[in-house]
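The structure under discussion appears below in the form of structure tokens.
Here, each number is a calculation from the coordinates, and none is a lab measurement. Not measured: the values here are computed from a predicted model. Cβ: placed from backbone, ideal geometry, glycine included. Neighbour counts: every protein chain shown.
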Amino acid sequence: MVPLLQRISASFFLPALILLAGCEDSFSPKAPYEERIVVFSVLDPTAPYQVVRLESTYDAELANPENPIGRREITEATVEVTSDRGRHVFHDTLITLSDGSRKMVWVNSDLRPMEGVTYNLKVNVPDFKEITARTTVPSRSYVRLQAMVNGVKVSAVENTAFRPSAWYFRLWVVGTKNIGGTDVEVRREVPVRYDGDTQEWLFSDPSRQTEVNFPSFNIERTYGDLRTIDSVAGRDIVATAYSLDVFVYSYYKLVRGFDDPVSVRQDRPDVSNVRNGVGIFGAMYTDSVRTRYSSLISQ
């Protein structure tokens, strides 16, 4: 990690500022635009199907980056994933997003990723170079719940055969509600802490820690919200542990910021592992456990 402010003195900036002040030509830091294919896919052995999402980079004015210029949707591509266990072709499929819009993705329901196996992605989009990437599925880390004096500890029983790069723990209070004669599961996620500065409840983050402690107050508050807001009596607690490979974790750290806010990784910027494109082709292994709320929280 190389500190950005290391060995930079005021004497370096002063001549540069004087030089810029004397220039009549305007300067724009915006580089020439080059359209590229963006790939996002995370293999998960516990998922009912595997998904590859394809996007296109887009140009925008520097002063208005939220307004794309010439953005287009990828609707034609051939997508396959191979390993020493076979070849799997992905088929274009329209899905409905949470906002009601429709989106084209590539789906395969036959691929069952296995821990320790390396998978190779190959994507061909007309007028672009062939895109390739590879990832190895990490081992499953079995999640465990343990009642503590002031809360509940969620931890991973680590399998070191193919060690994950990081873990992501989540906790829910769950109940059921009868809707139209059918019992529907309703859940609310438990935050890990409250931020007094932003006045927001914060949830857990992916990290290299193998356990997370959820305070009793946060769990009881979530239980109360489930009852008062959703009109559901909380019955169970569900914990989930996600074992993440290095590409999924690196992507998260890029989006959410580095551990050290004044440093940047320069020796190996391993956020994107996609050749002839950008994005990630990663893997994770999900494990969940369910127990009665009353067995962990005194009522």
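Simple spin-label estimate for THR78 and ARG112 gives 2.8 nm between the two label positions (7 Å along the Cα-to-Cβ direction from each Cα). If we count every other residue with Cβ under 13 angstrom of VAL289's Cβ, Lys/Arg +1 and Asp/Glu -1, where does the sum land? Every neighbour counted, the sum reads +4.
In this calculation the C-beta distance from THR96 to GLU158 is compared with R0 = 30 Å, giving a FRET efficiency of 0.20.
Taking 7 Å steps out from each Cα toward its Cβ at GLU185 and ASP205 produces label points 2.9 nm apart. Working from label points 7 Å from Cα in the Cα-to-Cβ sense, the VAL149 to ARG290 distance is 3.3 nm.
Sorting the segments 177-185, 39-47, 285-293 by their residues' average number of neighbouring beta-carbon atoms within 10 angstrom, most packed first, yields 39-47, 285-293, 177-185.
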